[in-house]
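A short write-up of the structure that comes next.
FYI, it's all coordinate maths here, none of it is from the lab. As the structure is a prediction and not an experimental result, all values here were calculated from the model. Cβ placement follows ideal geometry from the backbone for every residue including glycine, while neighbour counts extend to all protein chains displayed.
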Amino acid sequence: MIKLVMTFKRRRGMDVQAFRDYRRDVHTPILLSIPEAKLMRRLVVSYPAVTTAGAEEPRFDAMVEVWFDTEHDMITVFQSDGFRTKVDPDHANFVDPTSFEQFVTEEITLLE
């Protein structure tokens with residue numbers, strides 16, 4: 001199992017709730033509309049849950065985890081026409097592109 005982990009901040013000037021709503025209500029349906037989305041085995045979006053008064057702002061506003069059976073499946077999704085022409089351009093509507101970080105992992109479950 002291959003997992004892609006991405007973290008990013010919201011677009012400048014966008015409040016947290018608008019960012020979350022856009023991600024859920026607009027961006028996710030665009031992603032799931034491309035035929036290659038069927039190659040994703042699991043998709044999870046996580047947001048910082050607790051903010052403490054005086055605490056430093058988190059480095060990211062969302063963490064996305066996407067599981068694939070193989071690296072080939074992952075590459076197929078991200079190199080598809082649908083991703084390149086529909087999904088990726090939509091990131092500009094809610095993501096600060098300077099904050100985007102990603103890494104590919106091989107997930108090993110230690111406790112379930």
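Just checking the listed ones, His91, His72, His27: in the Gaussian network model of the chain with Cα springs under 10 Å, the one fluctuating most is His72. Could you tell me whether the chain comes out rounded, prolate or oblate from its Cα gyration tensor? Rule is a ≥ b ≥ c as square roots of the eigenvalues, rounded for a/c under 1.5, then prolate if a/b exceeds b/c, otherwise oblate. In terms of gyration-tensor shape, oblate. Treat each spin label as a single point 7 Å out from the Cα along the C-beta direction, and report the Arg59 to Glu71 distance in nm. Taking the simple label geometry, Arg59 and Glu71 are separated by 2.4 nm. With contributions of -39500 (n - 2.57) from each DSSP H run of at least four residues, the per-residue ellipticity at 222 nm computed over the chain stands at -4500 deg cm²/dmol. Contact order for segment 9-112, expressed relative to its length and based on alpha carbon pairs under 8 Å spaced 6+ residues apart, stands at 39 percent. Among the chymotrypsin sites (Phe, Trp or Tyr not before Pro) in segment 7-102, those located in a DSSP loop and surrounded by at most 14 other Cβ atoms within 10 Å of their own Cβ are Phe100. For segment 1-65, the list of trypsin sites (Lys or Arg not before Pro) that fall in a loop by DSSP and count at most 10 other C-beta atoms within 10 angstrom reads Arg12. Can you tell which of Ala49, Ala92, Ala62 shows the greatest fluctuation in a Gaussian network model of the chain with Cα springs below 10 Å? Evaluated over the chain, the most mobile residue of the options is Ala49.
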